[in-house]
Each structure stands twice: as structure tokens, then as C-alpha cells.
1. For residue 242, only one of the following conditions fails: (1) in a strand (DSSP E or B); (2) among the hydroxyl-bearing types (Ser, Thr, Tyr); (3) more than 19 Å from residue 319 (Cα to Cα). What is its number?
2. What's the number of the only condition in (1) free of Cβ contacts under 8 Å to residues at least 24 places away in the same chain; (2) within 24 Å of residue 307 (Cβ to Cβ); (3) over 19 Å from the mean Cα position of the chain (by Cα) that residue 135 fails to meet?
3. Between a residue in the range 192-206 that is farther than 20 Å from residue 221 by Cβ and any residue that is aromatic (Phe, Trp, Tyr) and not in a loop (DSSP other than H, G, I, E, B), which pairs come within a Cβ distance under 7 Å, given they are 6 or more apart or on different chains?
4. Determine which single condition residue 203 fails, assuming it passes every other condition in (1) modelled with pLDDT of 95 or more; (2) farther than 19 Å from residue 320 by Cα.
5. Can you work out which of the residues in the range 253-281 that are closer than 14 Å to residue 201 by Cα and assigned to a helix (DSSP H, G or I) is nearest to the chain's Cα centre (by Cα)?
6. Using the structure shown, decide if residue 311 is of a type in the set (S, T, N, Q), out of contact with any His (no Cβ under 6 Å at 6 or more places or on another chain), closer than 17 Å to residue 231 by Cα and in contact (Cβ under 8 Å) with a residue 40 or more places away in the chain.
7. Quickly run through the range 282-301 and pick out the residues that are part of a helix (DSSP H, G or I) and either in contact (Cβ under 8 Å) with a residue 24 or more places away in the chain or not assigned by TED's automatic domain parsing to the domain that holds residue 253 (or both).
Amino acid sequence: MKTYSIFSVCLLVLLSISACSSPLLSPTPTPTSTSSFTITDALGRQVSYQSPPQRIALAGKANLLVADALYLFPQAVNRVSILGKGAQGAGNFLALLDPAYDDKPRFENEVGAEQIAFANPDTVILKSYLTESLGKPLETLGIPVIYVDFETPEQYFRDIQIIGQLFQDPARTEQIIAFYQSRLDRVRQPVAALAQEQMPRVLLLYYNDKDGSIAFNVPPMNWMQTILVQSAGGNPVWQHASLGNGWTVVSLEQIAAWDPDQVYIISYFKSVDLVTADLKNDPLWQSLRAVRQNQLFGFAGDLLSWDQADTRWILGLNWLATRMHPTLFPNLDMRQEAQLFFQEMYGLSEATFQQEISPLLTGDLP
């Protein structure tokens, strides 16, 4: 475990005092409640508070996906004070929800415990993989840490409850969970009755050309992308491949050998509509069964693709189900469903949705 000299600790105290007077860091608001409470986080740790924390900080990679989950709660606008740097896909979604978002301080992805302490948060939310590298040094400095995962549907339900306890808002917690559970049940119940031969052989590919050469990748079996395919009633053709802990590159020869019934393309950095159009016009891809039968789809999304371990995963699940089994979901309008999602989960009006979100809807949405 990392240790600190007496000089370092004293310096951190001085820096923390200085941070309180910074124009970017407003004084801690008066707590809304004086009731103490204890939270059990994703690692089973118990963290106690004398009152609800008012200066919440997020740090680490993918912290903006965690922020999307916190902003399901209206309290996040005033109590999430410091976020990490990162891109939000086609635009800045959180700025639609938080008028002060652009003025809030940002941590670099590789921020250290000392820098976080300088910002003077009263609690820090981290993904559990950061326990050793960042969490324990923060705890050594006396800063409460709450660990979450937000990587699978099951973890989403658990972690929403954790955040609901942090904000002391059980009513909103129940609303969020009920919304997700109803959409999850809507898919899982009819899909559970399908025979194996009724499930299409599906290939989900992440398209990446960041380094100048095109690569196609498949996800691990325990990632959200694979879970969505299986939960929507698909049979992942890559499940017996040699997979790593992250995206695994696969060759065109392997894709041709799998020759799936359906192909779903994910693209985070280039328009998925352009990518799928190019693939459909490529003679090599035209030999695939899925392309010949018009079963190659761009994964749906808005500012963010709906395949990720983001709050939008529930949209991705329902959209996949309508593509894999259209006869089971003939009346499920995913554009309307997206509007309901942003309205009920984030409080966006229909007019705001039509103006800010609807024009950014992408992928194969009817």
C-alpha cells in the first residue's frame, strides 16, 4: 500500500484548504439531512456517513458512463461536483441535464489520490477495478470511497440501489428499478419460450479504424454486449472462440467461416450508418448470408451507442429483440421508447427530446 510522509500529509491539508477558496470549487452546501446512514457498496464494504455527501467526485476511465447513472437522480445536478474527462460520443449529453456541467472541474483519467484530495470531495465514486490503484490511497487519506461496477444488468440493479442510498432517495430508486425491470421482463419473458433453433446465429462486431487500418472485434462473454445478444434471444457465434479480457480482433476469414444469420455493427468513432453502408457495398461482405438476406444492422444509438454498459443498455436490449424476433414485438416502436426513456429517466421534455436527441438517433431504427 502506498504510504505518505508527514510532510506530504501536511501539504495535502494545506492544498485542501486552498482548494476550498478556488473559484471553481464552491463551498460545501449545507447538508439536507443530519441523519446518519451506512451504505454497503459493490465490494460488500460498509461506508458510514453522518449526513448525505454534498461534494461527490467521479474518477477513472469510463467515469462518464457512471455519471450517466448518477444523473438518473435529480440530486446529481447539485451534488456531483467533480467529474473525469472523457468524450460523450456525438455530443455532450450531461450538459443537457446540468446547467453547471461545463463549469465543473475535471480529473484526468490517470488522476492520483493527491490530486483528488486537493479537490476536497466528501466522497468519491469509483469502479471496483480501481480499488488497489486509487481507492485504497484515497481511503488512507481519510476520503470515503464508494465502489460500483455498472457492467451487467444485475450490477445495474444493485448499483442503482447503492446510488439511491447515497442520495437518500428510495422513491426515485424504486422508480428507476421498476422502469428497467419492466423493459427487461418485456423481452426476457417471450424470449424464454423460444426453442434453440428459433434463435438466430448472431455476430456482433466492433468496427475500429483508429490506427488507420480496419479491425473487427468481438467482446468477451461476460461483457454487456454479449449479455444483450443472449438476453434478446440470439446465439453468439463467437462464444467458442479464444477470447481475451477485452475486445478480440477477428479476421474476415473467421467471419466468413461463422457465416451468421445476423450481423450487428458497433462503431464508436465513425458514423455507424456510413460503416454499414460501406460493408453492404463491399464484394467480400456481400458473400455473407446476413448481407444477402439484408440482416446486417448498425447498432442503434443517440449520443452514445446503445450497446455499452451505460444507462442506455435497456434501449439496446429492446432494440436487439425487435431485430432478432420482430414477430414477438410487432408493436414496439423504439423511437417512441427512446423518448419515454429520456423523459422518465432524465426528465427531458418531448420538445427537448425532439430537438436535442431525435436528430442524433443512428443505426437501424425503423
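1. In the conditions (1) in a strand (DSSP E or B); (2) among the hydroxyl-bearing types (Ser, Thr, Tyr); (3) more than 19 Å from residue 319 (Cα to Cα), residue 242 misses (1) alone.
2. (2)
3. As it stands, the answer is none, since no pair meets every condition given.
4. Checking residue 203 against (1) modelled with pLDDT of 95 or more; (2) farther than 19 Å from residue 320 by Cα, the one that fails is (2).
5. Looking at the filtered set, the residue picked out is 255.
6. Judged against the criteria, residue 311 is a match.
7. 287, 289, 290, 291, listed by residue number.
Let's see how each residue does on (1) modelled with pLDDT under 95; (2) over 23 Å from residue 178 (Cα atoms); (3) surrounded by fewer than 19 Cβ atoms within 10 Å (Cβ to Cβ); (4) touching a strand residue (DSSP E or B) at 6+ places or on another chain (Cβ under 8 Å):
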position	(1), (2), (3), (4)
263	no, yes, no, yes
281	no, yes, yes, no
326	no, yes, yes, no
346	no, no, no, no
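The values are calculated or read from the model by the stated rules, or taken from the named source; none is laboratory data. Just so it is clear, the structure is predicted and the values come from calculations on it, not from any experiment. Reconstructed Cβ throughout: ideal geometry from the backbone, glycine too, with neighbour counts over all protein chains shown.
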